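Q: One structure coming up, written as structure tokens, with questions to follow.
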Amino acid sequence: MSDLYSDTPPKMERMQIEIIRRMPAWKKFAVLDGLNETVKTLAMSGILQQHPTATPQEVRLILAERMLGPELAQKVYGHAR
């Protein structure tokens, strides 16, 4: 097995992988959902730093454009900006 993380000792990495393998599917999805929410929160924070006067709706639309691309965001949400 190759080392995935340069800052993690191989023994600990193997333990982490084994824990993840033993996790039920619902728990893996819950962890993934939490990570997705964290990324979304960080992205929205970055948007607010770049556009401090944006309304919450504008922030969501900018996020949609970044996640989906302008063309798909327009199809899904209408004229975004």
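The values are calculated or read from the model by the stated rules, or taken from the named source; none is laboratory data. Predicted model only: the values in this text are computed from it and were never measured. Cβ atoms come from the backbone with ideal geometry, glycine included; neighbour counts cover every protein chain shown.
Q: Take the stretch 42-71 and flag every residue that is among the β-branched types (Val, Ile, Thr) and surrounded by 10 or more Cβ atoms within 10 Å (Cβ to Cβ). Reasoning before the result, please.
A: We begin by selecting, within the stretch 42-71, every residue among the β-branched types (Val, Ile, Thr); these are 47, 53, 55, 59, 62.
Within the stretch 42-71, Ile47, Val59, Ile62 meet the criteria.
Q: Can I ask one more? Tell me, yes or no, whether the stretch 6-19 has at least one residue that is of a type in the set (S, T, N, Q) and exposed (fewer than 12 other Cβ atoms within 10 Å of the Cβ).
A: Checked against the condition, which is being of a type in the set (S, T, N, Q) and exposed (fewer than 12 other Cβ atoms within 10 Å of the Cβ), the stretch 6-19 yields at least one hit.
Q: If you don't mind, another one. With the requirement that a residue be assigned to a helix (DSSP H, G or I) and at pLDDT 95 or above, what does the stretch 39-58 give you?
A: Selection gives Val39, Lys40, Thr41, Leu42, Ala43, Met44, Ser45, Gly46, Ile47, Leu48, Gln49, Gln50.
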